[in-house]
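Engineer: Structure incoming, see below.
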Amino acid sequence: MDNERIAELFEGLGPVSIRKLFGGKGIYFDGVIVAIVLRGELLLKADEQSAPEFEAAGCTQWTYTGSRHGKLVAMPYWSVPDSAFDDPDEMTVWARRAYEAGRRAGK
C-alpha cells in the first residue's frame, strides 16, 4: 500500500505522517500511532475498549507465534472492515477509534 493511498484512507481523520516500522509502515495522527501496514495489510490500533467493535465487524487481530516460546502473541492491531476501504465516512469512524485507542495507550 503506497503512501498516497494511506493518506487518502485517513483523510477524514486528518493529515497523517508515515514512518518505517517493523519492516512496514507506522501511521501517525497528531503524534499518536493509529495504524500499521505490515506485509501490505493495513491494521488499525485497538485496545480492550475498542477490540470488541473490531471483532463484531469481522476483523481479525494480528497475531504471531513467538520464536522463543512458541506461544501465540496477540498484538493490538486489527484488520480494517472491507467495506471501509470503499466508504470514506466509514473509514473515518474506524480511524477515529484507532486514534482514541492510541491516545488511551499513551503512545
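The values are calculated or read from the model by the stated rules, or taken from the named source; none is laboratory data. Quick caveat, the model's predicted, so the values are computed rather than measured. Neighbour counts are summed over all protein chains in view; Cβ atoms, including those assigned to glycine, are modelled from backbone coordinates with ideal geometry. Please note that ligands, DNA and RNA were not included when accessible areas were found on the heavy atoms of the full protein model with its side chains. Shrake-Rupley method; radii C 1.70, N 1.55, O 1.52, S 1.80 Å.
Engineer: Looking at (1) at pLDDT 95 or above; (2) open to solvent by 60 Å² or more (accessible area, probe 1.4 Å); (3) out of contact with any Ser or Thr (no Cβ under 9 Å at 6 or more places or on another chain); (4) not in a strand (DSSP E or B), which is the one condition that is false for GLU11?
Structural biologist: The single condition GLU11 does not satisfy is (3).
Engineer: List the pairs whose first member sits in segment 21-33 and is part of a loop (DSSP other than H, G, I, E, B), whose second member is modelled with pLDDT of 95 or more and among the acidic types (Asp, Glu), and whose Cβ atoms are under 7 Å apart, counting only residues at least 6 apart or on separate chains?
Structural biologist: Here the result reads none, with nothing in segment 21-33 linked to a residue that is modelled with pLDDT of 95 or more and among the acidic types (Asp, Glu).
Engineer: Same structure, new question: Any residue that is surrounded by fewer than 11 Cβ atoms within 10 Å (Cβ to Cβ) and at negative phi - is there at least one of those in segment 30-51? So that I can check it myself, show each step before the final result.
Structural biologist: Let us first name the residues in segment 30-51 that are surrounded by fewer than 11 Cβ atoms within 10 Å (Cβ to Cβ), namely 31, 39-40, 48.
Still in the running and at negative phi: 48.
Yes: segment 30-51 contains one or more residues that are surrounded by fewer than 11 Cβ atoms within 10 Å (Cβ to Cβ) and at negative phi.
Engineer: So, one more: Search segment 48-68 for residues that are over 15 Å from VAL93 (Cβ atoms) and pair each with any residue that is among the aliphatic types (A, V, I, L, M) and open to solvent by 70 Å² or more (accessible area, probe 1.4 Å) when their beta-carbon atoms are under 9 Å apart and the residues are at least 6 apart or on different chains.
Structural biologist: THR63/LEU72; TYR64/LEU72; THR65/LEU72; GLY66/LEU72
Engineer: While we're on this one: Consider GLU90 carefully, then state whether it is surrounded by 12 or more Cβ atoms within 10 Å (Cβ to Cβ), among the acidic types (Asp, Glu) and closer than 12 Å to PHE10 by Cα. Spell out how you get there, then give the answer.
Structural biologist: Details: surrounded by 12 or more Cβ atoms within 10 Å (Cβ to Cβ): yes; among the acidic types (Asp, Glu): yes; closer than 12 Å to PHE10 by Cα: yes.
Against the criterion (surrounded by 12 or more Cβ atoms within 10 Å (Cβ to Cβ), among the acidic types (Asp, Glu) and closer than 12 Å to PHE10 by Cα), GLU90 qualifies.
Engineer: Restricting to segment 52-87, name every residue that is open to solvent by less than 90 Å² (accessible area, probe 1.4 Å), part of a loop (DSSP other than H, G, I, E, B) and more than 22 Å from ARG19 (Cα to Cα).
Structural biologist: Answer for segment 52-87, where residues must be open to solvent by less than 90 Å² (accessible area, probe 1.4 Å), part of a loop (DSSP other than H, G, I, E, B) and more than 22 Å from ARG19 (Cα to Cα): ALA57, GLY58, CYS59, THR60, GLY66, GLY70, PRO81, ASP87.
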